[in-house]
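The structure appears right after this line, and notes come after that.
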Amino acid sequence: MTGPFKRRPSLDELNAHGANTVLTHLGIVFTELGEDSISARMPVDARTKQPYGLLHGGSSAVLAETLASVAGNLCVDDPTQQQAVGLELNCNHLRAVTDGHVTGTARPLHIGRRTQVWDIRIVDAQGRPSCVSRLTLAVVGG
């Protein structure tokens, strides 16, 4: 197996794991688990917009942290003893999105024994950048 992932669940398993969480509430659906990336799609609708009709920055942050946290946990040596948890999230919102959907993709910048750093790119339905994020994860336990 190549890439950083030590486990490769199916998309159905990833989506089932997020049932009855914020992922369900915001309509986030995993769409791809690549060799070194993970992607998910989120609608831009009443659940994810702010009062001015734009995609809420917090919704983008949830998508970014979800992608990198799930990916990070697929990289730990022993998921029964270790967990990758968010330490710092940075989001730069580049383009307003008012409808349709956005797709986020997370890729590792650093996978260490105690920390991980992930780059997350969110694009609109036309593939234009909407948000760029970086999440630092702490690997705890074990």
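Tabulated data
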item: Only listed residue being closer than 25 Å to residue 8 by Cβ and surrounded by 13 or more Cβ atoms within 10 Å (Cβ to Cβ), chosen from 103, 48; result: 103
item: Members of the stretch 20-41 found to be open to solvent by 50 Å² or more (accessible area, probe 1.4 Å) and in a loop (DSSP other than H, G, I, E, B), listed by number; result: 20, 21, 35, 36
item: Members of the stretch 51-96 that are in contact with a helix residue (DSSP H, G or I) (Cβ under 8 Å, 6 or more places away or on another chain), of a type in the set (A, V, I, L, M, F, W, C) and either part of a helix (DSSP H, G or I) or open to solvent by 70 Å² or more (accessible area, probe 1.4 Å) (or both); result: 62, 63, 70
item: Residues of the stretch 97-121 satisfying the condition of being closer than 22 Å to residue 31 by Cα and in a loop (DSSP other than H, G, I, E, B); result: 97, 98, 99, 100
item: Among the candidates 103, 115, 66, 48, residue that is touching a His at 6+ places or on another chain (Cβ under 9 Å) and at pLDDT 95 or above; result: 48
item: Close pairs (7 angstrom Cβ cut-off, 6 or more residues apart or separate chains): over 20 Å from residue 18 (Cα atoms) in the stretch 40-53, surrounded by 23 or more Cβ atoms within 10 Å (Cβ to Cβ) anywhere; result: 49/55
item: Positions within the stretch 106-116 being in contact with an Asp or Glu (Cβ under 6 Å, 6 or more places away or on another chain) and either without any contact (Cβ under 8 Å) to a residue 60 or more places away in the chain or crowded, with 20+ Cβ neighbours inside 10 Å (or both), in sequence order; result: 109
item: Residue in the stretch 79-98 that is closer than 17 Å to residue 33 by Cα, modelled with pLDDT of 95 or more and not polar (S, T, N, Q) present; result: no
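The values are calculated or read from the model by the stated rules, or taken from the named source; none is laboratory data. All values reported here derive from a predicted model rather than from experimental measurement. Neighbour counts run over all protein chains shown; Cβ positions are idealised from the backbone, glycine included. Side chains included, ligands, DNA and RNA excluded: accessible areas come from the protein's heavy atoms. Shrake-Rupley method; radii C 1.70, N 1.55, O 1.52, S 1.80 Å.
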